[in-house]
1. Report the gain in length on full extension from Asp318 to Gln410: 0.36 nm times residue separation, minus Cα-Cα distance, nm rounded to one decimal.
2. Once both labels are modelled 7 Å past Cα along the beta-carbon direction, what's the Arg403-Ala43 spacing in nm?
3. Calculate, in nm to one decimal, what Ala446 and Thr79 gain on full extension: separation in residues at 0.36 nm each, minus their alpha carbon distance.
4. Considering amide H positions built from the backbone, and no H for Pro or chain starts, which residues 5 or more places from Thr354, or on another chain, come under 5 Å of its amide H?
5. Once you put a point 7 Å from the Cα of Asp270 and another 7 Å from the Cα of Ser118, both along the Cβ direction, what distance in nm separates them?
6. Would you order Tyr305, Tyr88 from fewest to most other beta-carbon atoms within 10 Å of each residue's own beta-carbon?
7. Have a look at Pro119, Ala85, Gly99 and report the one farthest towards the positive end of the charge dipole of the range 1-130, computed about the Cα centre with Cβ charges (Lys/Arg +1, Asp/Glu -1).
8. Share of Cα-Cα pairs in the range 1-41 beyond 12 Å, in percent?
Amino acid sequence: MSPSIAVVGGGIAGLAAAHALAGTHEVLLFEADERLGGKLRTATFCGRPVDLGPDVFISRDPAATELVQAVGLGDALSTPNEAGALIYARGRPRRLPSGLMLGVPGDLPSLARSGILSPPGLVRAALGLVWPARPVPGAEDLEHDPSVAEALGQLGSEAVGALIDPLLGGINAGDVRRLSLWSTAPALAGMLAGQRTLAGAMRSRRRQAAHATPGAPGSMFLGLASGMSQLVDALATRCAAAGVQLAHTARIDALHHEAGAWRLAGPGTDVRVDGVVLAVPAFATARLLTDVDPELAGWCAQIEYASVITVTLAYPIDAVPAATTRALACGRGDDSPLPGTGMLLPRSTGALCTALTFMSTKWPRSAPPGHVVIRASTGRFGDERSARMSDEELLGAVRDELRRYLRIEQEPTDTIVQRWPQAFPQYGPGTRRRLQRIGERTAELASLQLCGAAFGGIGIPACIRSGNAAAASLEAALGRQAASS
Ligand SMILES: Cc1cc2nc3c(=O)[nH]c(=O)nc-3n(C[C@H](O)[C@H](O)[C@H](O)COP(=O)(O)OP(=O)(O)OC[C@H]3O[C@@H](n4cnc5c(N)ncnc54)[C@H](O)[C@@H]3O)c2cc1C
């Protein structure tokens, strides 16, 4: 009989691993929650699908698109409205300039026109682009792991605070002063390594981009017609049809290696299997590995997390004053009541919200006729204010900020508060060394593999790749074991 495998965690990484192993092994998937999908969650809001977690994935990394196609959802791939994002800077909403790469300016005239930086801030950023750049260690140098702010600080504190932190820090719910450049933005780090100036790095990036996609830029982001739960449902259906046993409300509390087999136990569960994929957050991985490998558990326990909350609100269109529409349009002709896909609120504003996503503009399918839908994201590493509030207090605070930044005074017609405690692993200082040690220890264990956002990147494609890689490593290890026995 083929070896049996337990996948612990039914987020996108665990589902990808189970899907990769389905059909060739006896696979059991254990998910603590009553639903599969982890952070991928689409709610029906005012009768429409609205994502409460991720709503897009990056298309440059093909892992997500390939999985979507493999489960028969190719036709559901959809492109969000590319109306462009805004940022609140120097007292009002402003359009993000063209040519930005994770906040690093690549088109100075466009940056100047945006008005995001003050004249001295703009001069400082322009000088920082051409000054000799702080040397960025190469990919192989794990001892030196500069933060994003250290590597890009010469652009000036204004550019770091108004552009780089809201964009790159925002994606990670982190603080660029603490995020490892190589682990958080490997493409940017690779571009900077070996370049004498930041301007030179941006030029080489433009050349690479033109070379990679000649004449066919396509959309940078993709989503699904009915939201991300569509992928979760299709994966679950495919896995079940291929014989995977999917157990919901099945938390695993203990893991032991006994007589060459793995024993997993939790409320109502006590099973033995030949191989294990742990696809849970790093703190849960650490707890499960305490007896199995204390050193590996220790490395995992060091990974810190940020909690976030999304608050989704629906309003009648007339709740958005014409003055707000004009301010958001920034002089462009745009007839939607909330022009743009959303607005970032930098740390310097002191706002509870880190971003306001205009869901009804970004995904017109998410709003009923005559309404706008706004999703406010709150919380980031080091800012637990919203996590300490009750839903009622949080709704009140978010409504105050919508009044302040969008001049919306009316009551929302519908709201949903979705809490995501300890959701974003922080790829902080020393991450590269830590991940290397985790990889080495896991390679020794062989029949136990780790995957998910803490170990190979937080984006959906990266999580899928890590799930696929864990499945492949486990399959190879079990094959070696079978051949030697
Ligand atoms: C609000 C928000 C917006 C985001 N936006 C984007 C975006 O637009 N694009 C993008 O690419 N990424 C985005 N991300 C990031 C991305 O969604 C996540 O990094 C990714 O989904 C994590 O997948 P995962 O499988 O590693 O972990 P998870 O989704 O956390 O899944 C882990 C699963 O393990 C289960 N579990 C934990 N402990 C146990 C146990 N002991 N036994 C059994 N099960 C257990 C949990 O219940 C959970 O279901 C966003 C994340 C959030 C929170």
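Nothing in this text is a laboratory measurement; each read-out follows from the coordinates by a stated rule. Small disclaimer: the values here were computed from a predicted structure and weren't measured. So basically every Cβ, Gly included, is an ideal-geometry build from the backbone, and we count neighbours across all protein chains shown.
1. Gain on stretching Asp318 to Gln410: 32.2 nm.
2. About 2.3 nm separates the two model spin labels.
3. 128.2 nm
4. Ser377, Thr378, Gly379
5. 6.8 nm
6. Tyr305, Tyr88
7. Pro119
8. That tail contains 54 percent of the Cα-Cα pairs.
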